[in-house]
Amino acid sequence: MTSARFLPEVPGLSVLGVQTAEPVAVLTFDDGPEPNSTEVVLAELGAAGATATFFVLVRRARRHRRLLAEIIASGHDVALHGADHRRLTSLDPGNSTKLLHDARAELEQLAGVQVRMFRPPYGSQSPAVWHAVVAAGLVPVLWEVECREWDPMPDTDPLADFDNLRRGSIVLGHDAIASVEDGAESLVVSPIDRRAITTAILARIQAAGLRAISLSRALERGRPRWRVWLDKANAPST
Ligand SMILES: [Zn+2]
């Protein structure tokens, strides 16, 4: 993703998908790495011949370097979800650029690859947060379709949003759920069968006639689909 494709003069402008002629969906997983869960996702992706982009927390990547290495060795992208899972709009904007810059530098050191893509925790982005992200050399990446397997509401279809899936959509999934220790807001989550939900995501993508690939691979043959994403416009609940 080159800076020439980026239009930093428009606050909130973020990548939500990829404009491409290829029949692909861009698969992403947040909040890991987590032992016994990230491996399950990696195994399912491997079995399906799919690639994905993993937005990781540095706090976790530090403790699970073997998983980070496994993600990269399997041909997937490593991207930044934060030093931890604190909502950036709740922090002093004056500190956010340094926080993000340092998190990116540490993740690059841990992973041994360049990191440019960033997903704000909860998809929560104000103009001040967006400016901090860009100033840290990162590109905000949000989504068009999300899997809500963490939603404790009974009788909710976690894949209901997949009716909106189209060519080049960025799909939000999880290989873990951020905890209070990660700085996440308290959330009641029922036990999640990570293998079953990952299989279901891959099946829905395939049923739409699409292949699941990582963001970097999708951008090799496509260009970013930009849209302004700010808290007021999107009011994300997670
Ligand atoms: Zn998250």
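Values for this structure:
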| item | result |
| --- | --- |
| Cα gyration tensor, segment 132-215 - rounded (a/c under 1.5), prolate or oblate | oblate |
| Dipole in debye (nearest 20) - the chain, about Cα centre, beta carbon charges: Lys, Arg +1; Asp, Glu -1 | 760 debye |
| Computed [θ] at 222 nm, helices only, for the chain once each DSSP H run of length n ≥ 4 contributes -39500 (n - 2.57) | -9500 deg cm²/dmol |
| Assigned charges on the beta-carbon of Lys, Arg, Asp, Glu; segment 85-216 dipole about Cα centre (debye) | 520 debye |
| Nearest-20 debye value, segment 114-157 charge dipole, Cβ charges on Lys, Arg, Asp, Glu | 440 debye |
| Packing rank of 172-182, 98-108, where each peptide gets the mean count of other beta carbons within 10 Å, highest leading | 172-182, 98-108 |
| Top of VAL228, VAL56, VAL15 by mean-square fluctuation, Gaussian network on the chain, Cα under 10 Å | VAL228 |
| Share antiparallel - DSSP beta bridges, segment 14-232, percent rounded to 5 | 25 percent |
| Sorted by Cβ density within 10 Å, fewest first, the residues SER90, SER14, SER37 | SER90, SER37, SER14 |
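Coordinate-derived values only; no laboratory data. Model, not experiment: these values are computed from the prediction. Note that we place each Cβ from the backbone using ideal geometry, even for glycine, and neighbour counts take in every protein chain shown.
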